[in-house]
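The values are calculated or read from the model by the stated rules, or taken from the named source; none is laboratory data. None of the values given here were measured: they were computed from a predicted structure. Cβ sites come from the backbone with ideal geometry, for glycine too, and all protein chains shown count toward neighbours. Calculation scope for accessible area: heavy atoms of the full protein, side chains included, ligands and nucleic acids excluded. Shrake-Rupley method; radii C 1.70, N 1.55, O 1.52, S 1.80 Å.
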Amino acid sequence: MTQPIDKDAALFARPWIFIRGVPSMKFLPPEGPPEVAFAGRSNVGKSSLINALLAQKGLARTSNTPGRTQELNYFVPDGYSGEGEDLPPMALVDMPGYGYAQAPKQQVDQWTKLVFDYLRGRATLKRVYVLIDARHGIKKNDEEVLDLLDKAAVSYQIVLTKADKIKPPAVEKLLAATAEKIRKRPAAFPALIATSSEKNAGLDDLRQAIQETVAG
Ligand SMILES: Nc1nc2c(ncn2[C@@H]2O[C@H](COP(=O)(O)OP(=O)(O)O)[C@@H](O)[C@H]2O)c(=O)[nH]1
Ligand SMILES: [Mg+2]
């Protein structure tokens, strides 16, 4: 027998489901619940972080092959029909990665356009979590995305991924350097979050940040 779902339970203490893969802007769901999106270079660990955050291993597709997520993938807490008043309280969007040089140019252009169009034009997009690999820091194509978000006045927060791959003092150093780098960016949330999907680190901070964004 299926258990009735307690809709008042904390967002992240319940199962989530995949509802839609969006290959281009015209397939976006109608604007409704607040959305938060995970953006970042291909292979930065977006899908892994979503799985870790929701504690559901196979939910978002992860891969050793960069560039496989080519759609905007929509996830919502389970238990809402999505019709009429019964809309989910929020949606989480796993985005195609940018900067995957090995893919055919036409495809890269198409994904890049989708990412940029979505980030610029989605009224219900509350915040973008821009994921940065702790081994690499902010790269040129990350800067381009930050420029776009600043220009479009879309709130964003930097999340370091794969923090387990470098030593704790190096994480602290990168956090400080990155905070300084974004200090003058108008749409950047000043606090950064360091995470490891592998070690389940920083996840509660990120969950809390998302809850506050959606509630605010
Ligand atoms: N060590 C480590 N590896 C990670 C972590 N997160 C992701 N990865 C690995 O990085 C690769 C890309 O991850 P994926 O989530 O598919 O990246 P995406 O392309 O941004 O969605 C996979 O091989 C993951 O196992 C992490 O926190 N620590
Ligand atoms: Mg992915």
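Per the 1.4 Å probe, what fraction of the accessible area of the chain, in percent, lies on carbon and sulfur atoms? Here it works out to 51 percent.
Among Lys167, Lys151, the order of accessible area from largest down is Lys151, Lys167, computed with a 1.4 Å probe on protein heavy atoms.
On a 0 to 90° scale, report how tilted helix 203-215 is relative to the longest principal axis of the chain, with both axes built from alpha carbons and the result rounded to the nearest 10. Rounded to the nearest ten degrees, it is 60.
Residue ranking by accessible heavy-atom surface, 1.4 Å probe, largest first, among Phe12, Phe38 comes out as Phe12, Phe38. For a straight C-alpha distance cut-off of 26 angstrom, the lysines reachable from Lys139 (same-chain residues fewer than eight places away being disregarded) are Lys46, Lys105, Lys113, Lys126, Lys151, Lys162, Lys165, Lys167, Lys173, Lys181, Lys184, Lys199. If R0 is taken as 25 Å, the Cβ-Cβ distance between Asp204 and Ala176 corresponds to a FRET efficiency of 0.70. Ordered from longest to shortest, the equivalent ellipsoid semi-axes for the stretch 5-215 are 25, 20, 17 Å, each the square root of 5 times a Cα gyration tensor eigenvalue. Relative to the longest principal axis of the Cα atoms of the chain, the long axis of helix 140-152 makes an angle of roughly 60 degrees. Summary of packing: across the peptides 206-215, 157-166, 41-50, the per-residue average of other C-beta atoms within 10 Å ranks them, highest first, as 41-50, 157-166, 206-215.
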